[in-house]
Amino acid sequence: MSATKSYGERAKLHSNPTAKAFLELMERKKTNLSLAADLTSKAALIELADKVGPYICLLKTHIDVVEDFDQDLVDQLTALAKKHDFMIFEDRKFADIGNTVKLQYSSGIYKIASWSDITNAHTVPGEGIIRGLRDIGLPLNRCLLLLAEMSSAGTLAKGDYTTTTVELARKYKDFVVGFIAMRRYEDKEGDDFIYMTPGVGLDQTTDGLGQQWKHPEVVVRDLGCDVIIVGRGIYDQGRDPAHEAQRYQEAGWKAYKERIQLSN
Ligand code: S5P
């Protein structure tokens with residue numbers, strides 16, 4: 001069962017090269033923290049990624065909120081990913097038919113597939129969305145997460161929707177390496193999905209707009225998720241991002257160690 005194995009052990013067995021490299025990175029750097037860098041200025045985003053880089057395994061972007069986006073931003077972020085040893089996840093949440101998402105993933109100003117190691121998609125349109133993204137992403141060694149659940153109050157992603165999403169992931173395992181999910185699901189033989197979980201906070205539980213934050217201990221140790229995605233808990237006004245990132249890195253890693261020890 002993947003929940004009881006270390007990231008390093010899972011890396012050795014993983015068939016997707018990007019997921020394998022990602023699991024190795026987490027083990028090597030001792031971090032399961034992803035920064036959700038929802039900032040609207042290029043300079044601020046670069047500054048934050050550089051400060052927090054030493055503590056994270058994954059930089060999660062919403063590239064379309066950056067007001068002065070240009071190719072140089074992408075070049076600088078990919079250089080920082082090399083410098084600090086992290087990967088990049090454009091949280092695009094694709095949600096259209098296969099043909100349209102192919103264009104959205106490869107073209108336009110952002111050309112997401114050219115720089116983002118990981119991206120994600122809703123399964124609302126059915127399996128065509130996965131096939132479209134896979135056509136573009138697989139030859140580039142990219143991989144995909146499916147949104148199986150969401151962290152926000154009243155989400156419709158639950159029950160049968162979640163179950164069908166997991167089945168779709170199994171069908172396209174060469175490209176779909178995990179989920180945005182609120183808990184780990186039961187493995188079937190041969191499964192090793194990576195569970196990434198937003199809605200994580202050490203100090204607050206809600207933002208007044210439906211976001212719900214849980215403690216890393218609950219998310220990683222008790223609910224079995226692999227990666228904690230943290231935004232405002234790290235960079236909100238008045239916080240020292242490097243200091244907060246270190247706190248989340250430690251909390252996430254401790255919870256993971258407890259999980260694999262508890263289960264061994
Ligand atoms: O269900 C979800 C899925 C995602 S990817 N709930 C989320 O909050 N997210 C993203 O995680 C969201 O778009 C944001 O970038 C981040 C959470 O940020 P925070 O500031 O609430 O920690």
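Taking a probe of 1.4 Å, how large is the accessible area per residue of the range 38-193, in Å²?
It amounts to 44 Å² per residue over the range 38-193.
Considering only Asn120, Asn99, Asn32, give the residue with the highest GNM mean-square fluctuation for the chain, with springs between Cα atoms whenever their separation is below 10 Å.
In this elastic network of the chain, the residue with the biggest mean-square fluctuation among Asn120, Asn99, Asn32 is Asn99.
Which whole-Hz ³J(HN,Hα) couplings does the range 16-32 yield from phi under the Karplus relation 6.51 cos²θ - 1.76 cosθ + 1.60, θ = phi - 60°, glycine and proline marked x?
Computed from phi, the couplings for the range 16-32 are 8, x, 6, 5, 4, 5, 5, 5, 4, 4, 4, 5, 5, 9, 6, 8, 10 Hz.
In whole Å, what three semi-axes, largest first, describe the equivalent ellipsoid of the chain built from its Cα gyration tensor (square root of 5 times each eigenvalue)?
Square roots of five times the eigenvalues give 24, 24, 18 Å.
When the Kirkwood radius is taken over all Cα pairs of the range 1-90, what Stokes-Einstein diffusion coefficient follows at 37 °C and 0.692 mPa s, in µm²/s?
238 µm²/s
Which order do the peptides 214-220, 121-127 come out in when sorted by mean C-beta neighbours inside 10 angstrom, highest first?
Those peptides, ordered most packed to least, come out 214-220, 121-127.
Which lysines, if any, have their Cα less than 18 Å from the Cα of Lys5, not counting same-chain residues under 8 positions apart?
Lys20, Lys29, Lys30, Lys188, Lys254, Lys257
For the chain, what's the relative contact order in percent, using C-alpha pairs closer than 8 Å and at least 6 residues apart?
The value is 19 percent.
Bin width 10 Å, alpha-carbon pairs only: give the P(r) of the range 115-264 as whole percents, running from 0 to the bin holding the largest distance.
Over the range 115-264, the share of Cα pairs per 10 Å bin runs 11, 36, 35, 17, 1 percent.
Computing the accessible area with a 1.4 Å probe over protein heavy atoms, can you report the carbon and sulfur percentage for the chain?
51 percent
Taking amide H positions as placed 1.01 Å from N in the peptide plane, with prolines and chain starts having none, which residues 5 or more places from Lys214, or on another chain, fall under 5 Å of its amide H?
Amide H neighbours of Lys214: Val200, Gly201.
Would you compute, from DSSP H runs of 4+ residues alone, the mean residue ellipticity of the chain at 222 nm, taking -39500 (n - 2.57) per run and dividing by the full residue count, rounded to the nearest 500? Write out the running numbers ahead of the final one.
On the way: 9 runs with 102 residues, N = 264.
Dividing the helical sum by the residues of the chain leaves -12000 deg cm²/dmol.
In a Gaussian network model over the chain where Cα atoms closer than 10 Å are linked, find which of Ala21, Ala36, Ala113 has the largest mean-square fluctuation.
Top of the fluctuation ranking is Ala21.
Please turn the phi angles of the range 180-195 into ³J(HN,Hα) values with the Karplus equation 6.51 cos²θ - 1.76 cosθ + 1.60 (θ = phi - 60°), one per residue in order, whole Hz, x for glycine and proline.
The phi angles translate into 8, 8, 9, 7, 7, 9, 5, 6, 9, 3, x, 6, 8, 7, 9, 9 Hz.
Pull up the DSSP beta bridges for the chain and report the antiparallel fraction as a percent, rounded to 5.
Restricted to the chain, the bridges split so that about 5 percent are antiparallel.
What accessible surface, in Å², does a 1.4 Å probe find on Ser41, ignoring ligands, DNA and RNA and rounding to the nearest 10?
Only protein atoms counted, so the area is about 40 Å².
The values are calculated or read from the model by the stated rules, or taken from the named source; none is laboratory data. Note that the structure is a prediction, hence the values are computed from the model and not measured. Ideal geometry is used to build each Cβ from the backbone, glycine not excepted, and the neighbour counts take in all protein chains shown. When the accessible area is computed, the model is the full protein with side chains, heavy atoms only, and any ligands, DNA or RNA have been set aside. Shrake-Rupley method; radii C 1.70, N 1.55, O 1.52, S 1.80 Å.
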